[in-house]
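Read through the structure below, which is laid out as structure tokens, and then see the notes.
The values are calculated or read from the model by the stated rules, or taken from the named source; none is laboratory data. Bear in mind the structure is a predicted one, so any value in this text is a computation, not a measurement. FYI the Cβ positions are ideal-geometry reconstructions off the backbone, even for glycines, and counts take in every protein chain you see.
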Amino acid sequence: MDKLATTLTASDGTVGKALDVLDMVAERGQPVRFKELLAGGRFPKATLYRLLQTLTNQGMLAYDAERQSYAPGMRLVRLAHSAWQQSSLAPLARPHIDALASKIGETVHLAQLDTGHVLYVDKRNARRPVDMYSQAGKVGPAYCTGVGKAMLAYLDDADLARAITRQSFYRFTHHTLTTPKELTTELQAIRARGYAFDNEEHEPGIICIAFPILTRAKRVIGAISVTSITMRTTLAALEALAPVIAQTAALIAAEAESWRFPEQESKGEK
């Protein structure tokens, strides 16, 4: 997660440290050696070794003795698969984003919030694909992406305040919002409008329109966006797609409502 690495607090204890080591291994994207992890400077040598041994013994990491490297273990893979099925919007949203992508021919993203940042959980490429940062499974900034801002705009005050403290406000382009005040003003406009834009704020030439996915109680559970490039279209042209994107977001929300909160429905009917 590079700049988005988790900051441990004292209350996290050994479990928090172990999870941080998992992050350190996973963020490399390839098997990593002990000395490379140690060079990160997060833990003393003995502590890091002990955590790696425990995680390997528990199957959360796999150790390759020949290459002397660590990689995510199969137990972690099983847990990730279970989490994907139970907590991700991707499985239930798949037919809806397939239909949207087929209809409009542009890139479609599905995302959820992860500790104040954007987790891309699914993606459909445009008929004429464009190289961009976002991929399913990647974590990105919330303050300068369409899906991120669409979700932030619908958080309650306490959750939003926590999320804002987790933003780096790094300037990626000349259009990037770089202060909490600028972001807060933008989020107010998004809530009034009902959807967000990315006006080349994260990557030059990349623009999008994004809608929050909201429960009936207006709790944000994700976001969907349609993304293109300035060489091919404009924000105004993307905004013309707002009705069909809004409909897709509503369909996904309805699926999620019946899947994740059926007991709330039952109580409401009594």
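Checking every residue in segment 42-63 against the condition of being surrounded by 14 or more Cβ atoms within 10 Å (Cβ to Cβ), in contact with a Ser or Thr (Cβ under 7 Å, 6 or more places away or on another chain), outside the structural domain of Val220 (by TED's automatic domain parsing) and aromatic (Phe, Trp, Tyr) gives at least one match.
Taking (1) surrounded by fewer than 19 Cβ atoms within 10 Å (Cβ to Cβ); (2) modelled with pLDDT of 90 or more; (3) of a type in the set (A, V, I, L, M, F, W, C) in turn, Met74 satisfies each apart from (2). Restricting the search to helices (runs of 4 or more DSSP H) fully inside segment 170-266 and requiring at least 2 residues that are of a type outside the set (S, T, N, Q) and within 26 Å of Asp131 (Cα to Cα) gives 235-239, 242-260. Taken over segment 85-125, the criterion of being crowded, with 17+ Cβ neighbours inside 10 Å, in contact with a helix residue (DSSP H, G or I) (Cβ under 8 Å, 6 or more places away or on another chain) and among the small types (Gly, Ala, Ser) is satisfied by Ala90, Ala93, Ala111, Gly116.
Return yes when Lys149 is touching a residue at least 12 places away in the same chain (Cβ under 8 Å) and assigned by TED's automatic domain parsing to the domain that holds Ile224 and no when it is not. Working first, answer last.
Working: touching a residue at least 12 places away in the same chain (Cβ under 8 Å): yes; assigned by TED's automatic domain parsing to the domain that holds Ile224: yes.
The answer is yes for Lys149.
Test Leu37 against the stated conditions and say whether it is modelled with pLDDT of 90 or more, assigned to a helix (DSSP H, G or I), touching a helix residue (DSSP H, G or I) at 6+ places or on another chain (Cβ under 9 Å) and not polar (S, T, N, Q). Show your work before the answer.
Working: modelled with pLDDT of 90 or more: yes; assigned to a helix (DSSP H, G or I): yes; touching a helix residue (DSSP H, G or I) at 6+ places or on another chain (Cβ under 9 Å): yes; not polar (S, T, N, Q): yes.
Against the criterion (modelled with pLDDT of 90 or more, assigned to a helix (DSSP H, G or I), touching a helix residue (DSSP H, G or I) at 6+ places or on another chain (Cβ under 9 Å) and not polar (S, T, N, Q)), Leu37 qualifies.
Rundown of residues vs (1) within 23 Å of Phe172 (Cα to Cα); (2) of a type in the set (Val, Ile, Thr); (3) surrounded by fewer than 19 Cβ atoms within 10 Å (Cβ to Cβ), yes/no style:
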residue: Glu203; (1), (2), (3): yes, no, no
residue: Ile209; (1), (2), (3): yes, yes, no
residue: Leu214; (1), (2), (3): no, no, no
residue: Gly222; (1), (2), (3): no, no, no
residue: Ser225; (1), (2), (3): yes, no, no
residue: Thr234; (1), (2), (3): yes, yes, yes
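One residue alone among Leu177, Leu187, Leu183 is touching a residue at least 40 places away in the same chain (Cβ under 8 Å) and assigned by TED's automatic domain parsing to the domain that holds Glu257, and that residue is Leu183. Picking from residues in segment 79-138 that are of a type in the set (Val, Ile, Thr) and at pLDDT 90 or above, the one that is nearest to the chain's Cα centre (by Cα) is Val118.
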